[in-house]
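These notes are about the structure you will find just below.
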Amino acid sequence: MRPWLNWIEYQTTNLGVAGSTPAGRAIFLTFNAPLRHNKSFMRFFIKLIFLIFLLAGVLYLIYSLKTTGIRPEYLFLDSAAQKSFNTQDVTHFEWRTQSQIFSFDKTSSGQWQPEKNQNTLKKLLDFLSQIQLNNVQQTTPAALEVILKVQNETWRGSWDGLSFVWIDGPKKGMGEILSSKKNQVFFRGRFIFDNVAIDLCPTDPKEILLRMGSKNYTLLQKNGSWTNNGAALKIDSDAIKKWIRFLCNAPVRAIIDPAYNPSRQSSGAITIKYSDGKPLSLTRVESDLFLIDKWGVIFDGMTHELDTLQKALEETSKP
């Protein structure tokens, strides 16, 4: 699907995008003060240094806006941000993914129906009300749409994997090139209302099957130590234990809808068998993105930890 490609291309090219946050204004400095004596010169010199640093800061800010954008934490659900609509005025809400449509209506008493997921719905409305309103042009079809009814006016928004734009309603043509953190909200897709809990160690792992590129490893645990396929070949058991500690507490950065990821080719896999006999499979499709059951899960640092483990296994597996 195109949304994932749109976002990856934007992350890797850093090209200027039409409709992004304005870069700001240039500052021009003019000095006419004569240098008559040392004191005047020192005052002038100090002011010059101060203004040089000030100008450098402004130029760095402009550069940041043109390349990476404003830091996500300054943008995501900022309670101080000006809202484009009053969330209390919304009476109808639709979250339209490619495979499922979620629809809510507010009753005359102010309650949302269906009642399920009201907390998430309210957070979503807050989030959408804080989308920045810049002139943004989308060039690819919508992967997800949002429909609101605000004071009897219909707002329809489109997300393409890179930006969110209101394509109908009072703010038609206005939207935002999304930060990474904001984009994750839309990449969640049909799982936006799911409480996803990822537990990679419900019980102690006893067997781990690793497929890393062209190499496969079968790691077996016995009496507190690990072996490679049960062989007596020397193996770095401590490296495996360290990796398992990371695995059991791996930080989840985001849950995404696999429908928005174009790749169906696996670049690696992990199968874990636990002491209770139940297995869990993780299929690696891109960097830190893994498929687990029906979800796409992005883990912070998983790729780095896997690479470190593979190096340790290769070193200790040498004759």
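The values are calculated or read from the model by the stated rules, or taken from the named source; none is laboratory data. Owing to the predicted nature of the structure, the values given are computational and were not obtained by experimental measurement. We place every Cβ from the backbone using ideal geometry, glycine too, and count neighbours over all the protein chains shown. Calculation scope for accessible area: heavy atoms of the full protein, side chains included, ligands and nucleic acids excluded. Shrake-Rupley method; radii C 1.70, N 1.55, O 1.52, S 1.80 Å.
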- Query: How do the pairs read when you match residues in the range 194-214 that are farther than 20 Å from THR303 by Cα with residues anywhere that are open to solvent by 50 Å² or more (accessible area, probe 1.4 Å) and of a type in the set (S, T, N, Q), using Cβ under 6 Å and keeping only pairs 6 or more apart or on different chains?
  - Reply: THR203/SER275; ASP204/SER275; LYS206/GLN221; LYS206/SER275
- Query: Within the range 269-313, how many residues turn out to be part of a helix (DSSP H, G or I) and either more than 22 Å from ASN223 (Cα to Cα) or in contact with a Pro (Cβ under 8 Å, 6 or more places away or on another chain) (or both)?
  - Reply: 9
- With respect to VAL185, is the statement that it is in a helix (DSSP H, G or I), open to solvent by 20 Å² or more (accessible area, probe 1.4 Å) and in contact (Cβ under 8 Å) with a residue 40 or more places away in the chain true? yes
- Message: Return the residues of the range 108-125 that are in contact with a helix residue (DSSP H, G or I) (Cβ under 6 Å, 6 or more places away or on another chain) and either over 25 Å from ASP194 (Cβ atoms) or surrounded by fewer than 17 Cβ atoms within 10 Å (Cβ to Cβ) (or both); say none if nothing qualifies.
- Response: none
- Task: Would you mind finding the one in LYS149, LYS215, LYS222 that is open to solvent by 50 Å² or more (accessible area, probe 1.4 Å) and within 21 Å of ARG96 (Cβ to Cβ)?
- Result: LYS149
- Working carefully through the options LYS206, LYS215, LYS123, LYS182, find the one that is in contact with a strand residue (DSSP E or B) (Cβ under 6 Å, 6 or more places away or on another chain) and of a type outside the set (A, V, I, L, M). LYS206
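Yes or no, residue by residue, for (1) in contact (Cβ under 8 Å) with a residue 60 or more places away in the chain; (2) polar (S, T, N, Q):
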position	(1), (2)
PRO114	no, no
THR120	yes, yes
LEU124	yes, no
PHE127	no, no
GLN130	no, yes
- Do we find that SER214 is of a type in the set (S, T, N, Q), at positive phi and at pLDDT below 85 in this structure? no
- Exception for TYR60 within (1) under 26 Å from the mean Cα position of the chain (by Cα); (2) open to solvent by less than 90 Å² (accessible area, probe 1.4 Å); (3) modelled with pLDDT of 60 or more; (4) over 27 Å from GLU145 (Cβ atoms) falls at (2)
- Query: Checking LEU247 against (1) open to solvent by less than 50 Å² (accessible area, probe 1.4 Å); (2) assigned to a strand (DSSP E or B); (3) of a type outside the set (Gly, Ala, Ser), which test does it fail?
  - Reply: (2)
- In the range 126-144, anything within 15 Å of GLY175 (Cα to Cα), crowded, with 17+ Cβ neighbours inside 10 Å and not polar (S, T, N, Q) is listed as LEU128, ILE131, VAL136, ALA142, LEU144
